[in-house]
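The values are calculated or read from the model by the stated rules, or taken from the named source; none is laboratory data. Please read all numbers here as calculations on a predicted model, not as lab measurements. So basically every Cβ, Gly included, is an ideal-geometry build from the backbone, and we count neighbours across all protein chains shown.
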Amino acid sequence: MSAPGAREITCPICGQRHRPPLSRGWNFVPCSQDHGIVVFVDSGGNVREVHGASLSKASSGLVLEEGKLHLVPKWINVDRIRAVIEGKASPTEADRAGISLLLNLGILKRRT
Amino acid sequence: MARPALAKLLSKLSGTAGGARVPSHVQKAASEVLEICEYRLVLTLDSMGFFRDVEGISPAEASLKFADRSLFFSIMDILSQLGYVSVRRGFGFMDGRIRQVHDLPPSPMATTPEAIEFDSVFTEIVSSLPDALREGKRSLHVASAENKALLAKLYDSEVFKTLLTLEVKSLGISDVPPHGVIVSLGPGVGAELPIVLLESDARVISVLSSEDDARIAELTLSGLGLMSDQVKFVVGQPERLHRIIEEAKTGPVDAVVVVHALHWSNAPEACLRNASKVSRRVLVSQPVLSEATWPLSIASYLLGSNILPKPDQIDFWVNSAGLSGRTLMSNPIYLAQLVR
């Protein structure tokens, strides 16, 4: 369910501005090779949370819940997602969808 | 103990689906899945002292020991079918005495990756059974967004995905012309959508009951490369389908497809009646409680649905909704091409 209208999001890490297609729930927006943005849109279509997520092996901002990996849908390649969140691979459109889905299912979390 | 009912169902459906092939490893996994689920269910019941609690008393008395009686009677039904309990020496089922006639089965050896994968999902879901029975609390209810992963994974398993694919193929939605419109109702998170989209070039309107469900369905289609203008999501309750579709201003609808959706509705008859108002053609595929489908019934129930219906219940809903037509199968899947 895409939220109506594109909103400008400013990356909390580098300040770069984006106008990504945002949907309700958790969204992952790639920003650069070493970080992305995690955005939460509420049921009214309002942006409620914007977080920077570092993509590096040393300090990844996103973490897979190891105890829930058996719930990852088969179309998502966990190794590929791991590579993206550790900054070893650039996210494709399918990775963006996969990461957003895993955030919404609680299988991928923001490291706080 | 060999349990071929689900594998047989897949073979039978492959006939109604125009000879669609069921890979041999999926056939084998289907048999293993039933054995695994049986072991997990009986093990869970045994560990919670269920058999000890019901031994020697009538089903009516035994039901009083549990908060969720609907689940209790469903489990008794399944255990009787599988040969674990019998009810004897009464005037009727409710007055007889329950006897455990079979012990815990030996631990099954799953050999297919599909069955091994399913085992972990079913084990997790069935771990919530004791609380559901004793306290009436379904702790894995999909009202919580994180539990939706379990429902999505249930239908992501190769065996149930194959089952769903064969059912959708059997319904004949490929007859709907490319400029036509299909309204799709499925089990929660849009598990049927990728199959519907691959089977038809028509526009598809998916009706899902929450924003979270629609979001999961949308992201899944995006990840699979199937998200396009061909599909539109509408959030609302299927019991209000007519109003929802009117508000969505979609124009005439060629068919409503109702796949594994009726047991998720608290008013399935209203759901079908509304579907018949939306389109003259209503295609229904609904599993019924049987030897082949009981794991789906228990798992779905623990995730928040109702128990799978019996074929005569569906007949009643269909007739009450003013629908009639061709029933391709009535048990263990109620598969029908209906018209108003």
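Restricted to the stretch B:175-214, and to residues there that are in a helix (DSSP H, G or I) and not charged (D, E, K, R), the residue that is nearest to the other protein chains (Cβ to nearest Cβ) is B:A214.
The residues of the stretch B:278-303 that are among the hydrophobic types (A, V, I, L, M, F, W, C), more than 19 Å from B:S128 (Cα to Cα) and surrounded by 23 or more Cβ atoms within 10 Å (Cβ to Cβ), listed by number, are B:V278, B:V282, B:L283, B:V284, B:L289, B:A292.
Among the residues of the stretch A:94-110, are any free of Cβ contacts under 8 Å to residues at least 12 places away in the same chain and surrounded by fewer than 14 Cβ atoms within 10 Å (Cβ to Cβ)? No, the stretch A:94-110 contains no residue that is free of Cβ contacts under 8 Å to residues at least 12 places away in the same chain and surrounded by fewer than 14 Cβ atoms within 10 Å (Cβ to Cβ). Using the structure shown, decide if A:I37 is more than 12 Å from the chain's Cα centre (by Cα) and more than 22 Å from B:D229 (Cβ to Cβ). No.
Results for (1) out of contact with any helix residue (DSSP H, G or I) (no Cβ under 6 Å at 6 or more places or on another chain); (2) in a strand (DSSP E or B), shown as yes or no for each residue.
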{"residue": "B:P295", "(1), (2)": "no, no"}
{"residue": "B:I314", "(1), (2)": "yes, no"}
{"residue": "B:N319", "(1), (2)": "yes, no"}
{"residue": "B:R326", "(1), (2)": "yes, yes"}
{"residue": "B:Y334", "(1), (2)": "no, yes"}
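All conditions but one from (1) within 17 Å of B:V207 (Cβ to Cβ); (2) part of a helix (DSSP H, G or I) apply to B:T250; the one that does not is (2). Listed by first and then second residue, the pairs with beta-carbon distance under 6 Å, at least 6 apart or on different chains, first residue in the stretch B:8-30 and in contact (Cβ under 8 Å) with a residue 12 or more places away in the chain, second surrounded by fewer than 18 Cβ atoms within 10 Å (Cβ to Cβ), are B:S14/B:A20. Here B:S86 fulfils each of the conditions (1) assigned to a helix (DSSP H, G or I); (2) in contact with a strand residue (DSSP E or B) (Cβ under 7 Å, 6 or more places away or on another chain) apart from (1). Just checking, does the stretch B:166-189 include any residue being crowded, with 19+ Cβ neighbours inside 10 Å, touching a Lys or Arg at 6+ places or on another chain (Cβ under 9 Å) and among the acidic types (D, E)? Scanning the stretch B:166-189 turns up no residue that is crowded, with 19+ Cβ neighbours inside 10 Å, touching a Lys or Arg at 6+ places or on another chain (Cβ under 9 Å) and among the acidic types (D, E).
For B:L150, the criteria (1) surrounded by fewer than 20 Cβ atoms within 10 Å (Cβ to Cβ); (2) within 27 Å of B:K310 (Cβ to Cβ); (3) among the hydrophobic types (A, V, I, L, M, F, W, C) hold in every case but one, which is (1).
Here is the figure for the stretch B:93-145: residues that are in a loop (DSSP other than H, G, I, E, B), closer than 24 Å to B:R52 by Cβ and within 14 Å of chain A (Cβ to nearest Cβ) total 1.
Would you mind finding the one in B:K232, B:K249 that is within 14 Å of chain A (Cβ to nearest Cβ) and basic (K, R)? Before you say what the answer is, go through the steps one by one.
On the way: B:K249 fails: within 14 Å of chain A (Cβ to nearest Cβ).
Just one listed residue meets the conditions, B:K232.
Counting just the residues of the stretch B:108-136 that are buried (at least 16 other Cβ atoms within 10 Å of the Cβ) and of a type in the set (S, T, N, Q), which one comes out farthest from B:S300 (Cα to Cα)? Per the stated criteria, the residue is B:T112.
Restricting to the stretch B:261-289, what's the tally of residues that are in a loop (DSSP other than H, G, I, E, B) and under 23 Å from B:H141 (Cα atoms)? Count: 6. The residue that is farthest from the other protein chains (Cβ to nearest Cβ), counting only those in the stretch A:61-95 that are of a type in the set (G, A, S) and under 12 Å from the mean Cα position of the chain (by Cα), is A:G61. The single condition among (1) under 23 Å from B:L197 (Cβ atoms); (2) away from every other protein chain (no Cβ under 14 Å); (3) surrounded by fewer than 22 Cβ atoms within 10 Å (Cβ to Cβ) that B:P238 does not meet is (3).
For (1) at pLDDT below 95; (2) among the small types (G, A, S); (3) under 19 Å from the mean Cα position of the chain (by Cα), each residue gets a yes or a no:
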position: B:R273; (1), (2), (3): no, no, no
position: B:R281; (1), (2), (3): no, no, no
position: B:Q286; (1), (2), (3): no, no, yes
position: B:L302; (1), (2), (3): no, no, yes
position: B:L308; (1), (2), (3): no, no, yes
position: B:P311; (1), (2), (3): yes, no, yes
position: B:F316; (1), (2), (3): no, no, yes
position: B:L338; (1), (2), (3): no, no, no
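Reported count of residues in the stretch B:215-229, each being more than 8 Å from every other protein chain (Cβ to nearest Cβ) and assigned to a helix (DSSP H, G or I), is 2. Among the residues of the stretch A:46-75, those that are closer than 19 Å to B:L219 by Cβ and buried (at least 20 other Cβ atoms within 10 Å of the Cβ) comprise A:A53, A:L62, A:L71, A:V72, A:P73.
None of B:K153, B:K169 is part of a helix (DSSP H, G or I) and within 13 Å of chain A (Cβ to nearest Cβ) except B:K153. Could you tell me whether any residue of the stretch A:82-89 is in contact with a strand residue (DSSP E or B) (Cβ under 7 Å, 6 or more places away or on another chain) and at negative phi? Yes, the stretch A:82-89 has at least one match.
Rundown of residues vs (1) closer than 20 Å to B:T327 by Cα; (2) in contact (Cβ under 8 Å) with a residue 40 or more places away in the chain, yes/no style:
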position: B:L193; (1), (2): no, no
position: B:L197; (1), (2): no, no
position: B:D229; (1), (2): no, no
position: B:E247; (1), (2): no, no
position: B:N266; (1), (2): no, yes
position: B:V282; (1), (2): yes, yes
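None of A:S23, A:S43 is surrounded by 17 or more Cβ atoms within 10 Å (Cβ to Cβ), facing chain B (nearest Cβ under 9 Å) and of a type in the set (S, T, N, Q) except A:S23.
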